[in-house]
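Read-outs throughout are calculated quantities, based only on the coordinates presented, and are distinct from any laboratory measurement. Here the structure is a predicted model, which is why all the values come from computation and not from measurement. Please note: Cβ atoms are built from the backbone with ideal geometry, for glycine as well, and neighbour counts cover all protein chains shown.
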Amino acid sequence: MTSNGKPTVRWGIVATGLISSWFVADLILERKDAAANHIIQVIGSSSLQKGKGFIAQHLPNASPAPTVYGSYEQVYSDPNVDVVYIGTPHAFHKKNCLDAISHGKNILCEKTFTLNATEAKEVLDAAQAKGVFVMEAMWTRFFPLVKSIQKLVHEDKAIGRVHRVICDFAMDQHLESKGPNSRLKNLSLGASSLLDIGIYSLTWGIIGLEPPLGGSIKELTEKPTILAMSTLSDGVDIATSMILRYQDGRQGILSSHSGTGMKTPPSFCRIEGSEGTIVVDGGAASVPNSFVLKNNGQEEKKFEFERPGRGFYWEADAVALEIAAGRKESGTMPWAETLRVMQLLDETRRQGGVIFPQD
Ligand SMILES: NC(=O)c1ccc[n+]([C@@H]2O[C@H](COP(=O)([O-])OP(=O)(O)OC[C@H]3O[C@@H](n4cnc5c(N)ncnc54)[C@H](OP(=O)(O)O)[C@@H]3O)[C@@H](O)[C@H]2O)c1
């Protein structure tokens with residue numbers, strides 16, 4: 001469907017937790033540079049009452065108001081839904097995706113895509129067989145700031161030959177105050193600092209160290225080896241550190257911590273090259289704000305970016321454009337990349353001794 005020359009997507013939101021509230025708040029923002037039109041068509045929740053409460057709190061002025069369902073199944077079978085957004089804890093992503101795919105629905109699924117690579121492959125195989133669009137919601141990769149860094153580093157060679165990326169994502173998740181059924185504490189829900197926030201550090205390693213896919217979906221060739229350690233609390237990794245080493249010596253030193261009061265300072269990532277550095281700033285590794293390019297012998301240059309709301313609309317716009325173009329996967333976050341990230345996380349967990357009951 002298109003209007004004003006831009007594709008329109010009618011979203012079916014599955015689950016009414018924190019991330020779904022952030023996602024819908026961004027989708028309804030007025031933006032002058034929007035590449036697509038977004039309609040929150042339906043909300044699916046485990047309870048009708050919760051769904052209604054979600055609309056009252058987060059979409060009070062939506063007109064017409066989204067339909068509310070007291071089950072996810074009704075979202076998948078609604079013919080007015082173009083794309084299902086999945087915002088449940090990681091442990092349910094496989095089932096939610098497979099159910100949506102069986103109804104022929106396109107999907108944007110939160111990170112981590114699944115609990116492990118075996119589950120991810122199952123979902124992607126099903127998507128391929130059914131011919132639907134599926135994308136992992138690794139939203140940070142869609143920020144204009146990230147595209148700008150990738151161009152500077154990998155195309156313009158603004159810092160020479162890249163040697164190393166250091167990135168940390170630490171935040172206090174107040175684990176002591178959470179109950180045993182919190183997705184951050186319960187292993188069967190996928191509790192893990194690595195899967196929750198370490199995936200962003202890994203993503204920055206990939207952004208800084210590897211040339212981008214450039215929109216062409218091809219076999220990925222970069223296969224770094226990993227050295228990793230985790231600190232566990234009741235089996236949950238509250239801290240994980242990993243070193244990625246590529247064949248030519250490039251290294252990523254990447255970490256996450258969710259178990260103490262520590263928070264990563266604003267300069268959360270440094271990309272080092274033979275002729276300079278890029279230091280990235282933001283509230284967290286998931287939401288970069290600006291970066292400073294320092295090329296040896298030249299003056300520092302700061303790059304700042306406008307970002308109304310949080311920035312989830314960039315990934316949503318990309319979904320709309322890919323689907324309008326008839327594609328089944330994203331050029332920025334293709335299936336092979338989702339699978340490779342899951343494999344890197346699996347290997348990191350294996351070395352750190354982080355095991356989910358579903359593994
Ligand atoms: N991109 C980002 O920046 C970002 C940030 C935070 C989280 N995330 C991702 O989003 C996903 C959800 O995280 P969240 O922080 O939004 O979680 P949350 O606040 O706990 O919400 C999860 C929702 O999933 C549904 N759900 C279904 N079965 C559940 C169960 N057994 N236990 C708990 N919830 C259940 C519930 O909605 P209903 O009752 O309405 O069905 C619940 O409100 C995770 O995969 C996480 O990694 C991404």
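Table for the structure above
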read-out: Region 245-299: C-alpha gyration tensor shape, a/c 1.5 cut-off, then a/b vs b/c; value: oblate
read-out: Mean separation of Cα contacts under 8 Å (6+ apart) over length of the chain, as relative contact order %; value: 19
read-out: From phi via Karplus (6.51, -1.76, 1.60), per-residue ³J(HN,Hα) for region 250-266 in Hz, x at Gly/Pro; value: 4, 10, x, 10, 10, 8, 9, 8, 10, x, 10, x, 5, 10, 4, x, x
read-out: Reach of K178 by Cα under 20 Å, taken over aspartates and glutamates that are not fewer than 8 positions away in the same chain; value: D196, D234, D237
read-out: Degrees separating the helix 313-324 axis from the principal Cα axis of the chain, which is the longest one; value: 70
read-out: Links that overshoot a 21 Å alpha carbon limit, given the list K185/K263; K111/K157; K50/K94; K32/K52; K50/K105; value: K111/K157; K50/K94; K32/K52; K50/K105
read-out: Rounded if a/c under 1.5, otherwise prolate or oblate - region 152-233, Cα gyration tensor axes; value: prolate
read-out: Fraction of the pair-distance distribution of the chain above 36 Å, Cα-Cα pairs, percent; value: 19
read-out: Rel. contact order, % - alpha carbon contacts under 8 angstrom, at least six apart, region 13-99; value: 37
read-out: Helix 93-102 vs. the chain, principal-axis angle (Cα, 0 to 90°, nearest 10); value: 50
read-out: Y246/D125 FRET efficiency (R0 30 Å; Cβ-Cβ; nearest 0.05); value: 0.60
read-out: Three-way shape call for region 88-177 based on the alpha-carbon gyration tensor, with the a/c threshold at 1.5; value: oblate
read-out: Tilt relative to the chain, helix 199-209 - C-alpha long axis, 0 to 90 degrees, to 10; value: 50
read-out: Kirkwood-based shape ratio for region 1-67, expressed as Rg/Rh from alpha carbons; value: 0.98
read-out: Point-to-point label distance, D33-S267, nm (Cα→Cβ direction, 7 Å offset); value: 2.6
read-out: All-pairs Cα distance distribution in region 170-313, expressed in whole percent, bin size 10 Å; value: 10, 32, 35, 19, 4, 0
